[in-house]
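Data block below; observations after.
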Amino acid sequence: MSLYLPHFNLQNYNTLASPVCAEFFVSVKDEVELMAALKFAKENNLPLLFLGGGSNIVLHDDFPGLAIHIQFMGKELVREDLEHVYIKAAAGENWSDFVDYCLDEQFWGLENLSLIPGNIGAAPIQNIGAYGVELKDVFSELTALEIKSGLSITFTPEACQFGYRDSVFKNALKDQFIITSVTFKLTKSPSLKIHYPALRDALTNVSADKITPELVSQIVCDIRRSKLPDPKTIPNVGSFFKNPIVSTATLSAIQQSFPNVVAYPIDDNSVKLAAGWLIDKAGWKGFRQGAAVHEQQALVLTNPYRLSGSAVLEVAELIKASVLSTFGVELEQEPRSYP
Ligand SMILES: Cc1cc2nc3c(=O)[nH]c(=O)nc-3n(C[C@H](O)[C@H](O)[C@H](O)COP(=O)(O)OP(=O)(O)OC[C@H]3O[C@@H](n4cnc5c(N)ncnc54)[C@H](O)[C@@H]3O)c2cc1C
């Protein structure tokens, strides 16, 4: 039987280390416990907060409801064909450990996504991505429990409507499903994706026959460790803003005053701007006022004094206003704020 803990401090359950409390907290390890928790919430009229690793949320105040920590564990090879293996992982498995497990088993495709914090269940919600690969590239299907009906439903890639840091679970189906497992389609022989500039640069002096998935994973880990603060020592949620997608006309206008603006082509009419570059150029790197802007990467806001998430949101608002007035570009927050 699960324990419903009242007035529970969530500081250890979010990587910004915000010391806010949930009215109730429960850990669930299977669907039976999850259904019981949903019933408890319904009977007590409590709003719901689902927690994985807490690495993509901003808790700016106490949560007046039930926080449910999804702890479903387990992984299995569900089928294979000549070229692929299909590995199913439960929602509570740690993402980075899962990537390492697949590397050890020689199931390839996740190497560029090494060391991303958080758990399996949250990964499809924002279609996590890094170093030229997104979850959608290795995704087969997921199962999710519908809160209203209690039914378990399978989602194909099409049904998930993946986009850049986006999926149906952030839009039409927001707050309607709890992801319980994700199945990945991985390859039996390596198919490396090393076109991303930082990765390509790191591999310039390595001969092609020496480039292995393990090496790619190692380089991704090294780059990440050099650029991103470890949330255990400096609380953060990684990139605080999405890279904005703007029209080529907007890009040309920005280039009039900032010829070096960093932009990646999307299609004939649009480009993705590097949000970190915009924030840096607007003069925010190293800023500190309760929360701080990370010295090595201006896209990362940190919470060194372990304050409530509202301190981070205050700095985020200052940055958004400044980037808008400097470049005419609106930044969109990546982590979700609660309550
Ligand atoms: C240092 C650092 C680096 C990062 N780098 C990257 C990166 O390179 N690329 C990237 O894409 N992201 C990155 N992130 C963001 C984060 O790691 C990912 O978004 C991750 O998938 C969040 O997982 P989580 O378990 O911590 O989610 P949580 O923060 O616990 O939850 C995120 C959202 O998903 C919901 N949720 C969680 N589990 C479930 C579930 N089972 N069913 C339904 N809803 C659920 C929550 O309610 C919340 O709305 C980084 C974060 C940090 C701290």
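We did not get these values from a lab; they are worked out from the coordinates using the rules stated. None of the values given here were measured: they were computed from a predicted structure. Counting neighbours? That spans all protein chains shown, and the Cβs are built from the backbone with ideal geometry, glycine included.
Screening Ile223, Ile194, Ile234 for residues that are under 27 Å from Ser337 (Cα atoms) and aliphatic (A, V, I, L, M) leaves exactly one candidate, Ile234.
For the range 271-282, a residue qualifies if it is touching a Ser or Thr at 6+ places or on another chain (Cβ under 7 Å) and either farther than 17 Å from Glu332 by Cα or assigned to a loop (DSSP other than H, G, I, E, B) (or both), and exactly one does: Ala282.
Taking the condition in a loop (DSSP other than H, G, I, E, B) and polar (S, T, N, Q), does Ser217 pass? So Ser217 does not fit the description; no. Scanning the range 9-22 for residues that are buried (at least 19 other Cβ atoms within 10 Å of the Cβ) and outside any loop (DSSP other than H, G, I, E, B) yields Tyr13, Ala22. When you look at Val246, is it assigned to a strand (DSSP E or B) and more than 16 Å from the ligand (Cβ to nearest atom), yes or no? Here the answer is yes, as Val246 does meet what is asked. The residue that is surrounded by the fewest Cβ atoms within 10 Å (Cβ to Cβ), among those in the range 94-139 that are acidic (Asp, Glu) and in contact with a Ser or Thr (Cβ under 9 Å, 6 or more places away or on another chain), is Asp100. Inclusion of Ala253 among residues that are in contact (Cβ under 8 Å) with a residue 60 or more places away in the chain and more than 19 Å from Tyr131 (Cα to Cα) is warranted. Residues in the range 43-96 that are away from the ligand (no atom under 15 Å from the Cβ) and among the hydroxyl-bearing types (Ser, Thr, Tyr): Tyr86 only.
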